[in-house]
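For reference, the structure is listed below as C-alpha cells.
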Amino acid sequence: MTRITETTYRHAVWLRVTHWISAICLTFLLMSGLQIFNAHPALYIGKASDFADPVLAIGSNEDGTRGVTAVLGHELDTTGALGLTMGPQGLQPRAFPAWITLPGEQDLATGRRWHFLFAWILVANGFVYLAFAFASGHVRADLWPRLHELAHIPKAIVAHAKLRFAKGAEARHYNILQKLTYAGLIFLVLPLLVLAGICMSPGLDAAFPWLLAAFGGRQSARTVHFMMASLLLLFVFVHVALVVATRPFNNLRPMITGRYAIEKERES
C-alpha cells in the first residue's frame, strides 16, 4: 500500500473568524470570571446564600496555614493551588491565584467590566456563527448526529483513547463523538452559560423574572454558570490536547487557512 496525501478545503472563512473570536472572548471571560468568583468563592443552591452548606467553597483554614476546597462537604487540601495561593509576598488567602485572574490584583469592579464586555461580544459572535451555520447547512450536514451513527459511539471512544483517527473519505466529516460534543456545547452548554449569567444582572432579572425562577434562584443560576464554564474549560483542555497529540500542524491549519491534508491509501 502506498500512502498519498490530498489537501481539501475544510473550514469556511466565517467559521474560522467566529472560532478565533470565541477563543479570545472565552479566555478573557474565564480570567475575569475567576476574578469575580474570588470576591465570594462559594456556590449554593437556591435563592439565597446558605453559608453553612455550600455546594463548593474555596478558602483557607482558620489559622491561614492551609488552602481548603470543600465540595459537597468533603474537604481537600489545595494549598498553593486554590484557597491559599502564591503571590508576590508568598502564600496569600485567595481562591484562585493572581496569574489566572483579570486583573491580577483583587479588583471586582474591573473584573466585572471585562466580563460583561466580552460576554456581549461572545453573544453577538454566537448569533453570527449560528446564522451562517444554518444558512450554509453546516448544522445539518456536519453537527447534527444521525440516529444510525449512535451505534458507532463505543468504536469512536476506543479509537480516540488510542489516538487513532479517521483517514481518507471518513476524515472529511466529524465522527459521532465530535458531533455530540460540538452540538452539546453549541446548543446546550453555551446557552445555559449565557442564560445563567443573565440571571446575575439585577436589571435583566427585573426585565425577565421568569428566567430567574426557571433556574430556581440567583444562587442556583450562579452555580449552573460555574458548572457550564467548567465543562467548557474541560472541553478546551481535551480539544487542545488532541490537537497537539495528533499532527498538530495539520489539525491547526484548517482554522487558519481552511485547508486540511487527508491521508489516503492506494494499491502500489
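Between ARG172 and ILE121, what FRET efficiency follows from the Cβ-Cβ distance if R0 is 35 Å, with the result rounded to 0.05?
Efficiency, from the Cβ-Cβ distance: 0.65.
Once amide H atoms are built 1.01 Å from N in the peptide plane, which residues 5 or more positions from GLY67, or in another chain, come under 5 Å H to H?
When sequence neighbours closer than 5 places are left aside, the close amide H contacts are THR78, THR79, GLY80, LEU84.
Label the chain by shape, choosing from rounded, prolate and oblate, from the square roots a ≥ b ≥ c of the eigenvalues of the Cα gyration tensor; if a/c is under 1.5 it is rounded, and otherwise prolate applies when a/b is larger than b/c, oblate when it is not.
prolate
Are there DSSP H segments in the chain that both extend 30 Å or more along their axis (alpha-carbon positions) and score a mean Kyte-Doolittle hydropathy of at least 0.5? List them, or say none. Walk me through the intermediate numbers first.
Details: long enough: 13-39 (40 Å, 1.28); 108-136 (41 Å, 1.10); 218-245 (40 Å, 1.51).
TM-like helix candidates: 13-39, 108-136, 218-245.
When a/c reaches 1.5 or more, the comparison of a/b and b/c decides; with that in mind, is segment 42-95 rounded, prolate or oblate per its Cα gyration tensor?
prolate
Among DSSP bridges having both ends in the chain, what percentage is antiparallel? Round to the nearest 5.
95
Rounded, prolate or oblate: which fits segment 56-156, taking a ≥ b ≥ c as square roots of the Cα gyration tensor eigenvalues, rounded meaning a/c under 1.5, else prolate when a/b beats b/c? Before the final figure, lay out each step's value.
Numbers: a/c = 4.06, a/b = 1.77, b/c = 2.29.
Oblate, since a/c reaches 1.5 and b/c is not below a/b.
Distance from the Cα centre of segment 6-35 to that of segment 126-161, in angstrom?
18
Per residue of the chain, what 222 nm ellipticity follows from adding -39500 (n - 2.57) for every DSSP H run with n ≥ 4, rounded to the nearest 500?
Details: 9 runs with 129 residues, N = 268.
For the chain, the value works out to -15500 deg cm²/dmol.
Which one of ILE186, ILE256, VAL243 is farthest out on the positive end of the charge dipole of the chain, using unit charges on Cβ (Lys, Arg +1; Asp, Glu -1) and the Cα centre as origin?
ILE256
Sorting check: for 32-38, 145-151, 155-161, which peptide has the highest mean count of neighbouring beta carbons within 10 Å, and how do the rest follow? Please list the in-between numbers first.
Working: 32-38: 21.4, 145-151: 11.0, 155-161: 13.0.
Result, highest mean first: 32-38, 155-161, 145-151.
Using a 10 Å cut-off around each Cβ, can you sort ILE198, ILE58, ILE45 from fewest to most neighbouring Cβ atoms?
On the way: ILE198 20, ILE58 25, ILE45 15.
So the residues, fewest neighbours to most, are ILE45, ILE198, ILE58.
Want the number for ARG113 to ILE45: 0.36 nm per residue separation, take away the alpha-carbon distance, what's left?
The span from ARG113 to ILE45 would gain 21.9 nm if fully extended.
Neighbour counts of other C-beta atoms within 10 Å: give me SER22, SER136 arranged from fewest to most. Walk me through the numbers before you get to the answer.
Working: SER22 17, SER136 14.
So the residues, fewest neighbours to most, are SER136, SER22.
Grab the Cα-Cα distance for LEU233 and THR27, subtract it from 0.36 nm times how many residues apart they are, and report the gain in nm with one decimal.
73.2 nm
Could you put TYR9, TYR44 in order, starting from the residue whose Cβ has the fewest other Cβ atoms within 10 Å?
TYR9, TYR44
If contacts are Cα pairs under 8 angstrom and at least 6 residues apart, what is the relative contact order of the chain in percent?
Relative contact order for the chain comes out at 28 percent.
Which is farthest toward the positive dipole end of segment 42-95 among VAL71, ALA95, PHE51, measuring Cα position about the Cα centre, with Cβ charges +1 (Lys, Arg) and -1 (Asp, Glu)?
ALA95
Here, each number is a calculation from the coordinates, and none is a lab measurement. From a predicted model like this one, the values you see are computed outputs, not experimental measurements. Note: ideal-geometry Cβ built from the backbone for every residue, glycine included; neighbour counts use all protein chains shown.
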